[in-house]
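Heads up: the structure comes next, in C-alpha cells.
Read-outs throughout are calculated quantities, based only on the coordinates presented, and are distinct from any laboratory measurement. Since this is a predicted model, take the numbers as computed values, not measurements. Because the Cβ atoms are built from the backbone with ideal geometry, glycine has one as well, and the counts that use them run over all protein chains shown.
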Amino acid sequence: MQIVIDIPEDTYQYYVKLANKGEQLNNLESIILDGTPLPKGHGRLIDKDHMIARLEAASKFYGGENADAFDERFSYGLKEAAIKVCEEHTIIEADKAESEG
C-alpha cells in the first residue's frame, strides 16, 4: 500500500541522522526513510498514463479520414502533447498491480 504523508523537514532529517550514525530505528522510522520525498514545489500529481491515453484517443478522434485541415492540426497538437506528458519526470512509479489491470 502506498500513502502520502506530510512530515516536517527537520523530523525527516533527524531520522536520516540517526540512520547515518547506525542507530537502531523503529519500524515506523524505517518506513519513513524508505519513502520517496516529493520534490519541493511539485505540481499536481496525476495519473500520467491515463492522461496520455486520453490525449491519444482524442487525437485519433480528430484525425479520422473525414478530418479537415484544422482537425488534422488539432490532432497533431494532441499527439505532441501526449509526447510531452510522456517525457515528464516520474516522481512515483506506477503500482504494478493497478497498472496491469
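Brief remarks follow.
- Hits in the range 1-27 - residues which are among the hydrophobic types (A, V, I, L, M, F, W, C) and closer than 20 Å to residue 92 by Cα: 1, 3, 4, 5, 7
- On inspection, residue 50 passes the criterion of being assigned to a helix (DSSP H, G or I) and not aliphatic (A, V, I, L, M).
- From the list 67, 82, the one residue that fits, being part of a loop (DSSP other than H, G, I, E, B) and surrounded by 14 or more Cβ atoms within 10 Å (Cβ to Cβ), is 67.
- Within the range 19-46, the set of residues being in contact (Cβ under 8 Å) with a residue 40 or more places away in the chain and polar (S, T, N, Q) comprises just one member, 36.
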